[in-house]
Amino acid sequence: MRILSGMRPTSRLHLGNLLGALENWKKFETKDAFFMIADWHALTTEYASHTSIKENVVEVVMDYLAAGLDPDRSTIFLQSLVPEHAELALMLSMITPLSWLERNPTYKDQLREQQGKDLATHGFLGYPVLQAADILLYQADAVPVGEDQLPHLELAREIARRFNHLYRKVFKEAEAILTKTPKIPGTDGRKMSKSYGNTIDLSDSPETVDKKVMQMVTDPARKRREDKGHPEVCPVYFFHTVFNKEHHETVAKECRAAERGCVECKQEMASHLAPFLKPIYERRRALESERNRVQEILIEGSRKAKKVASETLAEAKDAVGIGI
Ligand code: SF4
């Protein structure tokens, strides 16, 4: 089964990216799995601070590798090193009705989330067309997505159908593989996100992780040690359910009965989180002294990706009747 997925190099990756995507991607690693660093997509929101995109590309590849993606089993590539993405996106933009993009529910959500940036641009509105090109170029059978990405995938399927109907059948309609990861909370209890500054990064040292855990917000209603807690609203408890599975029910019971303090609760959670994150951190540290090798992995992966992408693009151009 051919799989395509990717992330934008707008920052280093964090625990939310790891639990929400990377851990899942590893299950699909085969020679038919393509994992992209989506730098064109990064530009749709970061065009005014573009200098950091290039730096973040290598950081994100190191995060992919440290998290356990294996470039010998799957293909890790850079979107802009495969120019076919931009070319197919242009072609698909000719057949995509504006109304399909304007009704995209994540467009308005993103505008709200990315306040302070002028996103009234052609590129930002057309983001799902570029995403459709990413998927269709590889004739992906499936795309691992979170629920919030489902409308984009549906749009890609609609664009493929329209193309196949207008010209001839060239593109596959990729299915969604829905990842059932709940929203990963950040250290302040909101969704873990770079834009909120509440992340635990894969590149954080064990000391930094401990410090961040000890600064996490807890149940806001629990002001004193003797106040009974509500673990279901506490981000520390969420991580107990992930990393301290065997004892999380005890944690919840003791919290509700005010039989445990938040400081000891955080220390216990940190002690379970550390063995999970430490090997990733150590692999990443080792990769930092091998940046040339990391770049080579990306160049080699992009060469492999281009081979597949160029065949699909040639077929699409032939179907449309463009070129000579
Ligand atoms: S005791 Fe633990 S679960 Fe309960 S509020 Fe404090 S940190 Fe959260």
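All of the numbers you see were taken from the coordinates with simple rules; none came from a lab. Keep in mind that what you see is a predicted model, and the values were worked out from it rather than measured. Here Cβ is always computed from backbone atoms with ideal geometry, including for glycine, and neighbour counts include all displayed protein chains.
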For the chain, calculate the relative contact order in percent as a whole number, restricting contacts to Cα pairs under 8 Å that are 6 or more residues apart. 23 percent
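Any idea what the dipole of the chain comes to, in debye rounded to 20, about its Cα centre with Lys/Arg Cβ at +1 and Asp/Glu Cβ at -1?
Details: 46 positive and 47 negative charges, 55 e Å.
It comes to approximately 260 debye.
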Please check the chain for the longest run free of GluC sites (Glu not before Pro) that are loop-located per DSSP (anything but H, G, I, E, B) and have at most 14 other Cβ atoms within 10 Å. 1-225
For residue 246, net neighbour charge (Lys/Arg +1, Asp/Glu -1) across residues whose Cβ lies under 15 Å away: -1
Beyond a 22 Å Cα-Cα separation, which of these cross-linked pairs lie in this structure: 180/253; 108/191; 117/191; 183/212? 180/253
HN-Hα J in Hz across the range 153-166 - Karplus 6.51, -1.76, 1.60, θ = phi - 60°, x for Gly and Pro: 5, 4, 5, 4, 5, 5, 5, 4, 4, 5, 4, 4, 6, 6
Alpha-carbon centroid distance for the pair the range 69-136 / the range 151-178, whole angstrom: 14 Å
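May I ask for the Kirkwood hydrodynamic radius of the range 40-83, worked out over all distinct Cα pairs and given in angstroms to one decimal?
On the way: mean 1/r = 0.0858 Å⁻¹.
When all Cα pairs of the range 40-83 are included, the Kirkwood radius is 11.7 Å.
Rounded to whole Å and ordered largest first, report the semi-axes of the equivalent ellipsoid of the range 168-324 derived from its Cα gyration tensor (root of 5λ).
Details: eigenvalues 415, 94, 32 Å².
For the range 168-324, the ellipsoid semi-axes come out as 46, 22, 13 Å.
So what's the chain giving for Cα Rg divided by 2.2 N^0.38 Å, two decimals?
Values: Rg = 21.6 Å, N = 324, 2.2 N^0.38 = 19.8 Å.
In units of the 2.2 N^0.38 Å rule of thumb, it is 1.09.
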In 5 Å bins starting at 0, how do the alpha-carbon pair distances of the range 74-154 split up by percent? 3, 12, 23, 23, 22, 13, 4, 0
Under 14 Å from the Cβ of residue 14, count the other residues' Cβ atoms, weight Lys and Arg +1, Asp and Glu -1, and hand me the total. +2
